[in-house]
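Below is one structure, written out as structure tokens, with a few remarks after it.
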Amino acid sequence: MPPPRSSDENKGGTAPLCNPPGASNEVKGGHRPPLATPQAHQTKSKGGTAPPLQPPGRINGGTAPLPTPGALKDPFDFPNLRRCPMIDLHSHILPSLDDGAQDIEASLAMAEMAVREDITTVAATPHVSPSYPLDPAAIEDGLERLNRTLAEENVPLSVVAGAEFAATSLTEIDDESLRRLALGGADCLLVESPYVSEVPFFERLIFDLQLRGFRILLAHPERSPMFQRKPDRLSELVARGALCSVTAGSMAGVFGTTVRKFTLTLFREGLVHDVASDSHDVSRRPPGLSAGFRALESELPGISDQMSWFAEECPDAILGGQALPPRPRRLTPRPSTWRRVLRTAG
């Protein structure tokens, strides 16, 4: 029997704009702890070697590079856009574990770029899949090594535990191992949305994990052919308590027009709870969140003002095992050029 329906929304609530430098980080009901300290959201760690590469999300046979941070021309004035201390819940920053950073130097370069993008906390989420079998000790060791290197190099970034679980692997992993790799050591698992058009057991798998006490964050549902074809399946999962994390690159069109249009639909329908980078390196799939908000602003006016909810407040609640803050007002997409012309003509 599936768990009871729940909702993270407070339809009447609004999310505050990003705080300007020096502004208070206080929230109603308490005080948000500093996000930039290396000790924040501490977890364990361990190293390993990388198996053969696994195909990433594809666009015409490959992936397009994410725009260099700050490279997108911005016709809008976003005085608050880059003043949020952000949390990235999806990054392949740990060295030598999957198709992300291949060595500690690559991890360090990704960390430095993340800091330049105002990211203060990153969840290290290496793949756990048939191509990358689970090794919690290797992940914990890699996490410990990376945080030690960041402290030695004075890079003000906190890296916390996590993993990106493939559905096909979740059926074989016990609860103790899952808890070791929940995001930030809390209760939320990052589950990869299927890259195929049909997984008949997917909902049953998610509901079973929820009954076992886990909260579920679906990684890049906008890039899943299954959800693109049957968006009601995603809506039903969210209605039953699942959360959705979209990739900033999807907002910027990195994965093609179909993915970008579906991303816009998910925002419009209120199905997005987090924006993450899914970063793998510093060139083709780099860290950074704000470019996605800038790119989507022309079609979804006001999304940049809500960046703090998607990239700071909700991720912070997820890492802390807390209820999500009230959802900001739902935004209305700007009509296309042709629709505006037709309205004027009419």
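The residue pairs whose first member lies in the stretch 72-97 and is over 14 Å from Leu157 (Cα atoms) and modelled with pLDDT of 50 or more, whose second member is among the aliphatic types (A, V, I, L, M) and in a strand (DSSP E or B), and whose beta carbons are closer than 6 Å, counting only pairs six or more residues apart or on different chains, are His90/Ala219; His90/Ala276.
Asp274 - would you say it is touching a Phe, Trp or Tyr at 6+ places or on another chain (Cβ under 8 Å) and of a type in the set (Asp, Glu)? So Asp274 fits the description; yes. Checking Gly213, Gly184 one by one, the residue that is on the phi > 0 side of the Ramachandran plot, in a helix (DSSP H, G or I) and of a type outside the set (Lys, Arg) is Gly184 and no other.
For the stretch 305-329, the set of residues classified as among the small types (Gly, Ala, Ser) and either at pLDDT below 95 or in contact with a Cys (Cβ under 8 Å, 6 or more places away or on another chain) (or both) consists of Ser308, Ala311, Gly321, listed by residue number.
Quick check on the stretch 272-284. Is at least one of its residues farther than 30 Å from Asp174 by Cα and of a type in the set (Val, Ile, Thr)? Looking for residues that are farther than 30 Å from Asp174 by Cα and of a type in the set (Val, Ile, Thr), one finds at least one in the stretch 272-284, hence yes. Once the stretch 157-203 is narrowed to residues that are closer than 19 Å to Pro231 by Cβ and charged (D, E, K, R), the residue that is surrounded by the fewest Cβ atoms within 10 Å (Cβ to Cβ) is Glu198. On the basis of being touching a residue at least 24 places away in the same chain (Cβ under 8 Å), assigned to a helix (DSSP H, G or I) and within 20 Å of Gly249 (Cβ to Cβ), does Val122 make the cut? For Val122, the condition - touching a residue at least 24 places away in the same chain (Cβ under 8 Å), assigned to a helix (DSSP H, G or I) and within 20 Å of Gly249 (Cβ to Cβ) - is not met.
The values are calculated or read from the model by the stated rules, or taken from the named source; none is laboratory data. All values derive from a computational prediction rather than experimental measurement. Neighbour counts run over all protein chains shown; Cβ positions are idealised from the backbone, glycine included.
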